[in-house]
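Visitor: A single structure is presented below for examination.
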Amino acid sequence: VQLQASGGGLVQAGGSLKLSCAASGTIVRIADMGWYRQAPGKQRELVAGITSRGSTNYIDSVKDRFTISRDNAKNTVSLQMNSLKAEDTAVYYCNAVMPLFRQEYWGQGTLVTVSS
């Protein structure tokens, strides 16, 4: 299974970006999908997650600004990021968890830079 992320870039504070991630390979079903981020000098953190049934969770700092969505038929997950802040600057990674043994797969990371 391979995950390919796209959509990062440079944006001014208050702007928007949309990240997308597509999973390919031999996939029967993906259980959970999510977006993590890692800022310089910090640990990787879960930003938003979504189950196969569409239940979502967010870290407090992005609630009401970010929206995660997925297309189960296409094995894709997206993250719409609005009202971006300088502290959102990080490398963003998409993640997919398979249902049987909870095996995880990661995308290559896409850099989001928010200028203040």
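The values are calculated or read from the model by the stated rules, or taken from the named source; none is laboratory data. Not measured: the values here are computed from a predicted model. Using ideal geometry, Cβ is built from the backbone for each residue, glycine included, and neighbour counts are taken over all protein chains shown.
Visitor: Out of curiosity, is A39 surrounded by 16 or more Cβ atoms within 10 Å (Cβ to Cβ), touching a strand residue (DSSP E or B) at 6+ places or on another chain (Cβ under 7 Å) and of a type in the set (A, V, I, L, M, F, W, C)?
Guide: Details: surrounded by 16 or more Cβ atoms within 10 Å (Cβ to Cβ): no; touching a strand residue (DSSP E or B) at 6+ places or on another chain (Cβ under 7 Å): yes; of a type in the set (A, V, I, L, M, F, W, C): yes.
Criteria not met by A39.
Visitor: Another question, then. What are the pairs, 6+ residues apart or on separate chains, where a residue within the stretch 18-41 that is under 16 Å from Q4 (Cβ atoms) has its Cβ under 8 Å from a residue that is aromatic (F, W, Y) and at pLDDT 95 or above?
Guide: Once the first residue is under 16 Å from Q4 (Cβ atoms) and sits in the stretch 18-41, its partners that are aromatic (F, W, Y) and at pLDDT 95 or above give L19/W35; L19/Y92; C21/W35; A23/Y105; W35/Y92; W35/Y93; Y36/Y92; Y36/Y93.
Visitor: Cβ-Cβ under 7 Å, sequence separation 6+ or interchain: first residue in the stretch 58-80 and surrounded by 15 or more Cβ atoms within 10 Å (Cβ to Cβ), partner part of a loop (DSSP other than H, G, I, E, B). Which pairs?
Guide: R65/N82; R65/S83; N75/I27; N75/I30
Visitor: Turning to a different aspect of this structure: Just to be sure I understand the filter: pairs with C-beta atoms under 7 Å, separated by 6 or more residues or on different chains, first member in the stretch 42-54 and at pLDDT 95 or above and among the hydrophobic types (A, V, I, L, M, F, W, C), second member surrounded by 13 or more Cβ atoms within 10 Å (Cβ to Cβ) and assigned to a loop (DSSP other than H, G, I, E, B). Which pairs pass?
Guide: Listed pairs, sorted by first residue: L46/I59; V47/I59.
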